[in-house]
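What follows is calculated from the coordinates using simple rules that are stated; it is not laboratory data. Here the structure is a predicted model, which means the values were calculated and not measured. Cβ coordinates were reconstructed from backbone atoms using ideal geometry, including for glycine residues, and neighbour counts include every protein chain displayed.
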Amino acid sequence: MLHEDVLRRRREQTGGSLAEVVRAFGHALDLADGQPDGHSTRACYLGCLLGQEIGLAPRELGELFFVLLLKDLGSSANAARIGEIFQTDDLHFKRALKTLPANRPARLRALVAQCARDRPLARRIPVIANFLLHRDAIAQELVQLRASRGATLAAGLGLAPAICSGIYHLDEHWDGSGRPSHLSGAAIPLYARIAQIAQVADIFYIHGGPSAAIDEVTARAGRQLDPSLAEAFGRVAERARSWADLGSTALPGMLFTLVPEARDMLIDEDALDRLAAVFGQVVDAKSAYTAGHSTRLVVLVDRVAARLGMLPARRRALCRAAALHDVGKLGIPTTILDKPSALGESEWELMRGHAGRTRALLGKIGIFSEMAAFAAAHHERLDGMGYPSGLDDAAIARETRIITVCDFYDALTSNRPYRPALSPAEALAAMQAEVGKGIDGEVFAALQSVL
């Protein structure tokens, strides 16, 4: 009890535990993987129940907790390639992929159906032919991109090697037909085997309820899934409370009651910086045109804020907001993000919606909640013609103005699908024309002075 009291006081002093913040960021990973909101939390709960059922030690349950919440950390890394190879909405593709039949011929037919699915037949034929000719290489590339990126980012958070390995090997299959390493049986890390079952169970639970989840886990046992773990999951699934808990608004609290050890890793300022940087990289990976954007933006924001006299602690918080300013874009298909021609009205509506999603996602994370408004408003304009809220000069915070100006400059000096990068001089000239209308003149002058 004394240990718990000490940890609780330290969490209050530091802003919480790493686990609490990571769980909240799970909503962003659900978005990136095209899954229903709350998937990562539900899968984590089911997986930890399974870990408890097979007798994992408290330390192991704590590690499993992070594998389950962060299993999709690398999901955005293959989004652009999915759009390029299959000529389709990457989020729809990922949703469909998770519910494909376990039977291989049926699975292949379903994948063919995804190829350029909204295009005329003449456009679909070459896409289908390319997939059929190179399907093994394509599958390996897509899984490898996801696995490598997820494990690397987890390591960047300072998580244990066993956690990184569990994330890396999520898509291995019990019979050796999985990827990226074609491991089989007990050679697949235990955490990855548990995460697969939890993932399958939640996805099919959402689609068809408890019976669908149980049936699918049973059907995949011995092929994709570890049969002994599938049997243990059957015992977990027999307890009606397991399913009732999934729909409860109190599920996050239940999860931490189930795995209290997960909260022992406290978060500090350095850890918050790493989290913001990692999830900024998750966003940047979504499109080939935004690689490195959040990292560059953070550098610019810090320099401009310093030039304007902002105190170091405030600058640090603002840099986290800058790293996460586009997190809502994880819910936009790459077919829109990377479109080389003008967006249609419905596409623009979806694009503009990323600002509201950014605010909603960051607003769920207590320690980032103040900066959520600053990050989400970076497309507002001084003349009131911006989005998402049409704020005018008087309503736009200085923090937002700094992010807006720096984001504008980095966007102009980067390649986009519809134009090549502008030179710094060309970008500054274009921005000068927006001073007083779209962007703040004092902040723009500060930007010019630090370049």
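With neighbours defined as other Cβ atoms within 10 Å of a residue's Cβ, the residues W243, W174 order from fewest to most as W243, W174. Using alpha carbons only, the radius of gyration of segment 132-231 set against its Kirkwood radius gives Rg/Rh = 1.00. Taking a sphere under 15 Å around the Cβ of N103 and counting the other residues whose Cβ falls inside, with K and R at +1 and D and E at -1, yields a net charge of +2. Per the Cα gyration tensor, segment 368-451 maps to an equivalent ellipsoid with semi-axes of 21, 14, 13 Å, ordered largest to smallest. Kirkwood's formula applied to the C-alpha pairs of segment 269-450 gives a hydrodynamic radius of 16.4 angstrom. If R0 equals 30 Å, the separation of the Cβ atoms of E347 and E84 corresponds to a calculated FRET efficiency of about 0.95. Between the helical axis of 269-284 and the longest alpha-carbon principal axis of the chain there is an angle of about 90 degrees.
Distances longer than 19 Å among the Cα atoms of segment 172-308: what percent of all pairs is that? For segment 172-308, the share of Cα pairs beyond 19 Å comes to 68 percent. Going by neighbour counts of Cβ atoms within 10 Å, the residues F25, F86 line up, fewest first, as F86, F25. Per the Cα gyration tensor, segment 101-188 maps to an equivalent ellipsoid with semi-axes of 31, 16, 9 Å, ordered largest to smallest. Normalising the average separation of contacting C-alpha pairs (under 8 angstrom, six or more residues apart) by the number of residues puts the relative contact order of segment 66-212 at 25 percent. The per residue volume of the convex hull around the alpha-carbon atoms of the chain is 146 Å³.
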